[in-house]
Amino acid sequence: CVLDQPEQMDIACDVVVNGNPVQMQYLYPNHYLVGPTYFMMAPLFLNLHKKRKVLRKSVKEVIITLGGSDHHDLIFKVLNALSSRIQSMAVTVVLGIAFGKEKELANFIAKKKIDVTIMQNVPSLAQLLFDSDIAITAGGNTLFERMAIGTPGMTANQLAVQESISSYFDSKKA
């Protein structure tokens with residue numbers, strides 16, 4: 001059984017794997033593998049991790065991805081904050097399947113007159129994250145993936161559990 005739930009729960013199965021660092025505060029029976037050491041991701045992330053990302057001195061490519069949905073319209077706030085600098089960067093926004101505000105986003109981008117590439121429901125973020133100089137992500141699974149690849153970034157937390165995960169990694173200077 002693989003989970004990413006933030007709350008403690010007892011599950012009837014042989015082994016429970018939960019990569020969420022928030023879970024490490026709970027004492028579980030032996031059949032629970034808990035914490036970021038056990039976070040599972042696609043093999044492509046490991047392959048890119050082994051490549052050892054080379055960081056550029058200046059930011060040329062930015063990826064923004066805030067999860068499957070955008071609970072608090074953060075994409076608009078992030079793009080607004082970056083709008084004066086976007087002209088000097090290639091910016092890719094990856095939307096999740098539950099975003100639901102594609103028209104509003106297109107209107108916002110047109111009104112701001114910014115050049116942004118929009119992608120939606122991509123099969124994997126791995127290569128996009130690796131190719132970017134900086135990534136602005138939500139604090140869920142993509143945060144783990146971004147860090148595994150070595151792409152520096154910022155986290156825009158959508159949910160309380162993401163704040164807990166981000167705080168954990170911040171305390172580790174990760």
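The values are calculated or read from the model by the stated rules, or taken from the named source; none is laboratory data. In this text, all values refer to a predicted model and were calculated from it rather than measured experimentally. For neighbour counting, all protein chains shown are included, and Cβ atoms are generated from backbone atoms with ideal geometry for every residue, glycine included. The accessibility values were calculated without ligands, DNA or RNA, using every heavy atom of the protein model including side chains. Shrake-Rupley method; radii C 1.70, N 1.55, O 1.52, S 1.80 Å.
Can you tell me the dipole magnitude for the range 1-154 around its Cα centre, using point charges on the Cβ only (Lys, Arg +1; Asp, Glu -1), in Debye to the nearest 20?
On the way: 15 positive and 13 negative charges, 194 e Å.
That gives a dipole near 940 debye.
Name the residue farthest towards the positive end of the dipole of the range 1-152 from the options 135, 11, 66, assuming +1 on Cβ of Lys and Arg, -1 on Cβ of Asp and Glu, about the Cα centre.
With unit charges placed on the Cβ atoms, the residue in question is 135.
Per-residue ellipticity at 222 nm for the chain, helices alone: DSSP H runs ≥ 4 residues times -39500 (n - 2.57), over residue total, nearest 500 deg cm²/dmol? Please report the intermediate quantities before stating the final value.
Details: 6 runs with 55 residues, N = 174.
Result for the chain: -9000 deg cm²/dmol, rounded to the nearest 500.
Need one value: the accessible area of residue 51 in square angstrom, 1.4 angstrom probe, rounded to the nearest 10.
Surface open to solvent at residue 51 totals about 130 Å².
Roughly what percent of Cα-Cα pairs across the chain reach past 30 Å?
Values: 3325 of 15051 pairs.
Of all Cα-Cα pairs in the chain, 22 percent lie more than 30 Å apart.
Stretch residue 104-residue 131 to full length: gain in nm at 0.36 nm per residue minus the Cα-Cα span?
7.0 nm is the gain from fully extending residue 104 to residue 131.
Please give the per residue accessible area of the chain, computed with a probe of 1.4 Å over protein heavy atoms only, in Å².
Working: 10030 Å² over 174 residues.
It amounts to 58 Å² per residue over the chain.
So what is the relative contact order of the chain, in percent, for Cα pairs below 8 Å that sit 6 or more residues apart?
Details: 269 pairs, mean separation 38.6, N = 174.
The value is 22 percent.
Given a Förster distance of 35 Å, report the FRET efficiency between residue 10 and residue 118 from their Cβ-Cβ distance, rounded to the nearest 0.05.
Details: r = 43 Å, r/R0 = 1.22.
According to the calculation, E is roughly 0.25.
Which order do peptides 123-130, 79-86, 106-113 fall in by mean Cβ count within 10 Å, highest first?
Numbers: 123-130: 17.1, 79-86: 14.2, 106-113: 12.8.
Final packing ranking: 123-130, 79-86, 106-113.
Taking amide H atoms as placed 1.01 Å from N in the peptide plane, list the residues 5 or more away in sequence, or in a different chain, whose amide H sits under 5 Å from that of residue 16.
Hits under the 5 Å cutoff: 32, 33.
With the crude spin-label approximation of a point 7 Å out along Cα→Cβ, what separation in nm comes out for residue 25 versus residue 80?
Those two pseudo-labels are separated by 3.2 nm.
Total Lys pairs in the chain closer than 25 Å by alpha-carbon, pairs eight or more apart in sequence or interchain only?
For the chain, qualifying lysine pairs total 26.
Please list the non-local residues whose amide H lies under 5 Å from the amide H of residue 91, H modeled 1.01 Å from N, same-chain partners needing a gap of 5 or more.
Here 62, 117 satisfy the definition.
Summarise the accessible area of the chain (1.4 Å probe, protein heavy atoms) by the percent that is carbon and sulfur.
Values: 5490 of 10030 Å².
For the chain, the apolar C and S fraction of the accessible surface comes to 55 percent.
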